[in-house]
Amino acid sequence: MKKGYVLFAEPTTQHDLTFNRSVVLIAEQNETGTIGFIINKKSDYSTIDLIPELNINFTIYNGGPVEKENLYFIHKIPSLIKNSIKIKDNLYWGGNFDLVVELINENKIKNNEIKFFLGYSGWEKEQLNNEIQDKSWILAKKENLEKLAFQETISIWKDKLKKIGGKYLLWINSPENPQHN
């Protein structure tokens, strides 16, 4: 597992409300574990709800079940946001948050350049590798990360399953909760 990889939840994770139909961007991987952000699930909050000093509204996504009281962000503007951590190519996470607020208020950061998350997805050292071996995740190594991370979120998971084809085509039009069928 490497940072910059993308995980697509197997359709069989439907009983897991957090990860059902999730697409997770791996932001960090080291000897202690892995950190990622669910990039396709909007939360009930926006930045104005949580950061009153902002005068522009951004959607906040559910990043995962860990530390849901904390706000995180990914972006593609490391030249503006100091102390960013490179994920891969032109995609970064974190940085100076006070500077982010200032830059947003000055209209120097646009919606398609930054994405906010409540919480993150985290795995201990071998946990994620075990979940991949157990077929809980479809691992994608060669995705256009910048495009994927900032595109409209509704169809990311379905589009990937459609591209894979085969047994996954059955799941594309099934309801998110099979009991609603």
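The values are calculated or read from the model by the stated rules, or taken from the named source; none is laboratory data. Please read these numbers as outputs of a predicted model, since none were measured by experiment. Cβ coordinates were reconstructed from backbone atoms using ideal geometry, including for glycine residues, and neighbour counts include every protein chain displayed. Ligands, DNA and RNA are excluded from the accessible area calculation, which covers all protein heavy atoms including side chains. Shrake-Rupley method; radii C 1.70, N 1.55, O 1.52, S 1.80 Å.
By the scheme Lys and Arg +1, Asp and Glu -1, what is the net charge of all other residues having a beta-carbon under 13 Å from that of Thr32?
Details: positive: Lys125; negative: Glu28, Glu31, Glu124, Glu126.
With Lys, Arg at +1 and Asp, Glu at -1, the net is -3.
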Sequence-distant residues sharing a close amide H with Tyr5 (under 5 Å, placed H): Ile26
Using alpha-carbon pairs under 8 Å, 6+ residues apart, how would you state the relative contact order of the stretch 1-112 in percent? 18
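Over the chain, what is the percentage of antiparallel beta bridges among all DSSP beta bridges, to the nearest 5?
If we restrict to bridges inside the chain, about 90 percent are antiparallel.
Considering only protein heavy atoms, what per residue accessible area in square angstrom results for the chain with a 1.4 angstrom probe?
About 54 Å² of surface per residue is accessible.
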With 0.36 nm assigned to each residue of separation and the Cα-Cα distance removed, Lys163 to Lys142 gains 6.2 nm
Additional length obtainable on full extension of the chain from Asn105 to Ile172, 0.36 nm per residue less Cα span: 20.2 nm
Under the Karplus relation 6.51 cos²θ - 1.76 cosθ + 1.60, θ = phi - 60°, what is the ordered set of whole-Hz ³J(HN,Hα) values for the stretch 119-136, x standing for Gly and Pro? x, 9, 9, x, 9, 6, 2, 9, 4, 5, 4, 5, 5, 5, 5, 7, 6, 7
Hey, which lysines would be in cross-link range of Lys162, C-alpha to C-alpha under 28 Å, not counting anything within fewer than 8 residues on its own chain? Lys2, Lys3, Lys41, Lys42, Lys76, Lys88, Lys115, Lys135, Lys141, Lys142, Lys147
For the stretch 42-116, what D do you get in µm² per second when you plug the Kirkwood radius from alpha-carbon pairs into Stokes-Einstein at 4 °C and 1.567 mPa s? 102
Give me the Kirkwood hydrodynamic radius of the stretch 1-138, using the inverse of the mean 1/r over all pairs of distinct Cα atoms, in Å to one decimal. 15.5
Bins of 10 Å, starting at 0 and running to the largest distance - Cα pair percent for the stretch 31-76: 23, 53, 20, 5
